[in-house]
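A.B. asks: First, the structure itself, so that you have it in front of you.
The values are calculated or read from the model by the stated rules, or taken from the named source; none is laboratory data. Every value quoted in this text rests on a predicted model; they were computed, and no experiment measured them. Cβ sites come from the backbone with ideal geometry, for glycine too, and all protein chains shown count toward neighbours. Just the protein is used for accessible areas: all its heavy atoms, side chains included, with ligands, DNA and RNA removed. Shrake-Rupley method; radii C 1.70, N 1.55, O 1.52, S 1.80 Å.
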Amino acid sequence: MPHQNDHGAGSHNISEPAFLVLGKLRRAHGVQGEIPLEVYTQMLELLAPESRVYVGDDHIPYTIERTRYKQDLLLLKFYEINDRTVVSELTNQILYVAAEQLPPLAEDEIYLHQLIGLNVYEEDDHYLGVLKEILETGANDVYLIEDESGGEILIPATDEMILGIDLEAGEMIVGKMTWYGEGN
């Protein structure tokens, strides 16, 4: 039974959003249209000069003219803006990149965002639900699965537990869940 994902990110693939968050814009800096970015990504190449980025919920496109660091913030200057007053309107907006702009990965690698929305099945084909969130815990990630009744199942993202991922089919196969007290 196919399951629909209702995340509404605007992508053709139900498990992949159209835009990914790069960071949050802060208050304007100086008078020539620079604005600091609180960087959320580790892929700094997406913030290089000449990169196309998108601002706010409406995903308004801008092209980065130059960047420089000021303490732990990255100052951005867009070609389209040369004025403090104009750039101030972007304060507290989220900065995005289009998913198709991400660099290609090796054949056996995937981006974590591609997992969101996958239908999750146990190895015996028992449907568990839809992967809704990835929790970073330090030791290993944990996948939050929402079942059909709206409940949550947490699955450790370990090689022993995650048996297969098929992005084309929109499915993840996990090992049989063993519940505490089962079989006692």
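A.B. asks: How large is ³J(HN,Hα), in whole Hz, for each residue of segment 29-38 in order, when computed from phi with the Karplus curve 6.51 cos²θ - 1.76 cosθ + 1.60 and θ = phi - 60°, using x for Gly and Pro?
C.D. replies: 3J(HN,Hα) across segment 29-38, in whole Hz: 10, x, 10, 9, x, 7, 9, x, 10, 7.
A.B. asks: Given the -39500 (n - 2.57) contribution per DSSP H run of 4+ residues, what per-residue ellipticity at 222 nm results for the chain, rounded to the nearest 500 deg cm²/dmol?
C.D. replies: -500 deg cm²/dmol
A.B. asks: How many Å² of accessible area per residue for the chain, probe 1.4 Å?
C.D. replies: Value for the chain: 60 Å² per residue.
A.B. asks: Next up: Near the amide H of Glu65, under 5 Å away, which other amide H atoms are found, from residues 5 or more places off or on another chain, if H is placed in the peptide plane?
C.D. replies: Placed amide hydrogens put Glu50, Lys77, Phe78, Tyr79 under 5 Å from Glu65.
A.B. asks: Taking a cut-off of 19 Å, what percent of all Cα-Cα pairs in the chain are separated by more than that?
C.D. replies: The answer is 64 percent, as a whole percent.
A.B. asks: Could you give the length gained by full extension between Asp72 and Glu122, i.e. 0.36 nm per residue of separation minus their alpha carbon distance, to one decimal place?
C.D. replies: Extending this stretch completely gives an extra 13.7 nm.
A.B. asks: Continuing with the same structure: Nearest 0.05, what FRET efficiency do Glu136 and Leu167 give at R0 = 22 Å with Cβ-Cβ as r?
C.D. replies: Using R0 = 22 Å, I get an efficiency of 0.60.
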